[in-house]
Amino acid sequence: MHPGADKKTQEYEKEYGRLALNPFYGEADPVGSMTSAPPRHRLPDRPLAPATAYQLVHDELMLDGNSRLNLATFVTTWMEPQAGVLMAECRDKNMIDKDEYPRTAELERRCVAMLADLWHAPDPAGAVGCSTTGSSEACMLAGMALKRRWAKRNADRYPGQDAVPNLVMGVNVQVCWEKFCNFWEVEARQVPMEGDRFHLDPLAAAELCDENTIGVVGILGSTFDGSYEPIAELCAALDALQERTGIDVPVHVDGASGAMVAPFLDEDLVWDFRLPRVASINTSGHKYGLVYPGVGWALWRSAQELPEELVFRVNYLGGDMPTFALNFSRPGAQVVAQYYTFLRLGREGFRAVQQTTRDVARALAERVEALGDFRLLTRGNELPVFAFTTAPEVERYDVFDVSRRLRERGWLVPAYTFPPHREDLSVLRVVCRNGFSSDLAAMLVEDLGRLLPELRRQPGPLGRDESVATAFHH
Ligand SMILES: *Cc1c(COP(=O)(O)O)cnc(C)c1O
C-alpha cells in the first residue's frame, strides 16, 4: 500500500488487496517444524512445510520392499515413462464423470471392444462390458449378473419359493469368489483338490450342479500353481448335464491373469466366447494387461447375459450414461493407461512381451529343478508362474525356510500350504512378470543355490512363519 493512499483505499486493500491464501499452502512456523515432531496417530495441530512433510513420508516408505524383486504378486510393477506421463496427466479425471470426460469414456469403450474381439465375442460390437478397479470388482459384477439371471429363471419355474442359490468352483479359487459368496449370500460349492490335480475337475463340477446353481467359475490361470483350468471340458461336462437333466448352467471364466496371456501365446486353446456356454469373462488390466494397479475388466457375451435392471443411469453429473460398477468415483488414469498399452503393443507386441515372460519362467523352473532339492508342480508353460516343493528326501528344511532365507537376499518368494484335500502339501511359488528379466532370474537361482548347503545342514525345519505363509493370494 502506498503511503499517500486515502483511508478508503487503505480499507479496500486491507479487505481485498491480498492474494487469497489457501490454508493448504501454508507453511508451518519454521522454528516449530524444526523442533516438534508431529504425532504419529493423531492429526497434527498445525501444518508442516511441504518439503518437510514430503521427506517424512518418503523416509517412512523406504523400508517397503523393492517391487521388481517381489515374485509374489501378479500385479504390474513396471511401465514405460510415457505411460507414467499419461497417467499423471489424467490423475484428476474421475471415471464416473463420463459426460465431463467424454474422451476418457470413449477410450474405455474402445478397450471393451478390443477385448470383446480378442476373446471372440460372436458380435464384438454387441458385447457389453466395463472397466473396474480390478478383477475382484469384475467378479462381483459377473457373479451378480449370474445370480440375477438365476433368480428370474427360478421365479418363473417355482413362483413363491425361497431357494438358496449356489455357485460351483474349484477349491483353488482366488479369495474374491469366497467374498462374492459371502457378501451376496450364495452357497459356495467347491471341488476339492485330488492327488496331483490342483484345480477344478469338469465332471466333479458338473456333479455339484443342481437347479439352484447360478453358474460355474472356471479359472484361466489358478493363483495356486499357474495352471489353466480345462474350460472347454468343463463346458462339455455341463452340456452333458443339460442333456441328461435339462439344467442349463452358464460358465464364467475368471481370466484375471490368463485372459491376457492365452490370446497371444495359446491361440489354439478354446476357452473364451467361442464356447457358447461362456457367459462372461473378467481380467485384471493390472496383471498381464501390463498396467499399474487399479484396473480390471468385465465383459458379457451379449446384452442378454447382463440383466438390464442391474445397469444404473445417472443424470446428476449431466448426461445420461449407463454404468455398472460397485464404486462411484474412481480414477480414470488406469483406463487411459490400458488404452495406451493396447495401442502401443498391439497383438505382436503383446505376444513378444508375454512370450519373453513365459520363456523366463520356463527356464527358471528348469534351473530350480536342476538344483536337485526340489520337485516342480508346474513348469511355467501356462501362466508364466510355477510352484515347487521340496523333494521327498529333503528332511532338514522346508519351503518356509527357503522363503525366509530368500527374503534375506531381498527376494519375495511366498510359501503356503494347499487347500483341501492337499493340506499336506506346502509349496513355493514364483510369478514372472514383464520386467523380471532372465538376468534377474539367473541371480535368483544363484542365490537359491548358495543357500542350499546351509539349509541342508539345519537340524530340521525351523517352523512355519505365518507372515510368510499369507503373502501369496494376489
Ligand atoms: C488376482 C486374481 C483375482 C483378483 O484380482 P484383483 O485384480 O487383484 O482384484 C481374481 N481371480 C484370480 C484368478 C486372480 O488371479
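Restricting to region 265-305, give me the number of residues that are away from the ligand (no atom under 16 Å from the Cβ) and either over 19 Å from the mean Cα position of the chain (by Cα) or without any contact (Cβ under 8 Å) to a residue 60 or more places away in the chain (or both).
Of the residues in region 265-305, 17 are away from the ligand (no atom under 16 Å from the Cβ) and either over 19 Å from the mean Cα position of the chain (by Cα) or without any contact (Cβ under 8 Å) to a residue 60 or more places away in the chain (or both).
Does region 381-395 hold any residues that are within 12 Å of Val360 (Cβ to Cβ) and not in a loop (DSSP other than H, G, I, E, B), and which are they?
Val385, Phe386
Given (1) assigned to a loop (DSSP other than H, G, I, E, B); (2) surrounded by 14 or more Cβ atoms within 10 Å (Cβ to Cβ), where does Tyr416 come up short, assuming only one miss?
(1)
One residue is enough: does region 110-127 have a residue meeting the conditions in a helix (DSSP H, G or I), within 16 Å of the ligand (Cβ to nearest atom) and either of a type in the set (S, T, N, Q) or closer than 22 Å to Phe74 by Cα (or both)?
Yes, some residue in region 110-127 is in a helix (DSSP H, G or I), within 16 Å of the ligand (Cβ to nearest atom) and either of a type in the set (S, T, N, Q) or closer than 22 Å to Phe74 by Cα (or both).
Could you tell me whether any residue of region 177-189 is under 19 Å from Ser135 (Cβ atoms), within 16 Å of the ligand (Cβ to nearest atom), at pLDDT 95 or above and of a type in the set (Val, Ile, Thr)?
Within region 177-189, none of the residues are under 19 Å from Ser135 (Cβ atoms), within 16 Å of the ligand (Cβ to nearest atom), at pLDDT 95 or above and of a type in the set (Val, Ile, Thr).
Quick one: is Leu167 buried (at least 20 other Cβ atoms within 10 Å of the Cβ) and within 15 Å of the ligand (Cβ to nearest atom)?
yes
Can you say whether Gly380 is crowded, with 16+ Cβ neighbours inside 10 Å and either touching a residue at least 12 places away in the same chain (Cβ under 8 Å) or not polar (S, T, N, Q) (or both), as far as the supplied structure shows?
yes
For Ala259, are the conditions met, namely being under 19 Å from Leu141 (Cα atoms), in contact with a strand residue (DSSP E or B) (Cβ under 7 Å, 6 or more places away or on another chain), in a helix (DSSP H, G or I) and within 13 Å of the ligand (Cβ to nearest atom)?
Against the criterion (under 19 Å from Leu141 (Cα atoms), in contact with a strand residue (DSSP E or B) (Cβ under 7 Å, 6 or more places away or on another chain), in a helix (DSSP H, G or I) and within 13 Å of the ligand (Cβ to nearest atom)), Ala259 qualifies.
If you go through region 65-84 one residue at a time, do you hit one that is within 16 Å of the ligand (Cβ to nearest atom), among the small types (Gly, Ala, Ser), within 30 Å of Asp210 (Cβ to Cβ) and not in a loop (DSSP other than H, G, I, E, B)?
No: region 65-84 contains no residue that is within 16 Å of the ligand (Cβ to nearest atom), among the small types (Gly, Ala, Ser), within 30 Å of Asp210 (Cβ to Cβ) and not in a loop (DSSP other than H, G, I, E, B).
Please identify the pairs in which a residue from region 158-186 that is touching a residue at least 40 places away in the same chain (Cβ under 8 Å) has its Cβ atom under 6 Å from the Cβ atom of a residue that is small (Gly, Ala, Ser) and within 10 Å of the ligand (Cβ to nearest atom), counting only partners at least 6 apart or on another chain.
Correct list of pairs: Asn172/Ser222; Cys176/Ser136.
So which pairs qualify, if the first residue must be in region 345-370 and under 17 Å from Leu290 (Cα atoms), the second must be surrounded by fewer than 22 Cβ atoms within 10 Å (Cβ to Cβ) and among the β-branched types (Val, Ile, Thr), the Cβ gap must be under 8 Å, and the two must be at least 6 apart or on different chains?
Once the first residue is under 17 Å from Leu290 (Cα atoms) and sits in region 345-370, its partners that are surrounded by fewer than 22 Cβ atoms within 10 Å (Cβ to Cβ) and among the β-branched types (Val, Ile, Thr) give Leu345/Val353.
In region 438-457, what count of residues is obtained for those that are farther than 21 Å from Ala387 by Cβ and in contact (Cβ under 8 Å) with a residue 24 or more places away in the chain?
Residues that pass the stated criteria total 3.
One line per residue, one yes/no per condition, for (1) exposed (fewer than 12 other Cβ atoms within 10 Å of the Cβ); (2) touching a strand residue (DSSP E or B) at 6+ places or on another chain (Cβ under 6 Å); (3) at pLDDT 70 or above:
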{"residue": "Met1", "(1), (2), (3)": "yes, no, no"}
{"residue": "Tyr12", "(1), (2), (3)": "no, no, yes"}
{"residue": "Ser33", "(1), (2), (3)": "no, no, no"}
{"residue": "Ala53", "(1), (2), (3)": "no, no, yes"}
{"residue": "Thr76", "(1), (2), (3)": "no, no, yes"}
{"residue": "Glu80", "(1), (2), (3)": "no, no, yes"}
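Suppose we filter Val175, Val186 for residues that are within 12 Å of Gly143 (Cα to Cα) and in the same structural domain as His120 (by TED's automatic domain parsing); which single one remains?
Within the list Val175, Val186, the selection yields Val186.
From the residues in region 191-245 that are closer than 30 Å to Tyr158 by Cα and β-branched (Val, Ile, Thr), which one is surrounded by the most Cβ atoms within 10 Å (Cβ to Cβ)?
Val216
Tell me the residue from Phe312, Phe388, Phe328 that is surrounded by 14 or more Cβ atoms within 10 Å (Cβ to Cβ), touching a residue at least 12 places away in the same chain (Cβ under 8 Å) and either out of contact with any Asp or Glu (no Cβ under 7 Å at 6 or more places or on another chain) or in the same structural domain as Arg110 (by TED's automatic domain parsing) (or both), please.
Unique residue meeting the criteria: Phe388.
Would you point out the residue of region 88-144, among those that are buried (at least 20 other Cβ atoms within 10 Å of the Cβ) and among the charged types (D, E, K, R), that is nearest to Lys179 (Cα to Cα)?
Glu137
The values are calculated or read from the model by the stated rules, or taken from the named source; none is laboratory data. Note that the structure is predicted; figures quoted are calculated from it, not measured. As a convention, Cβ positions derive from the backbone with ideal geometry for all residues, glycine included, and neighbour counts pool all protein chains shown.
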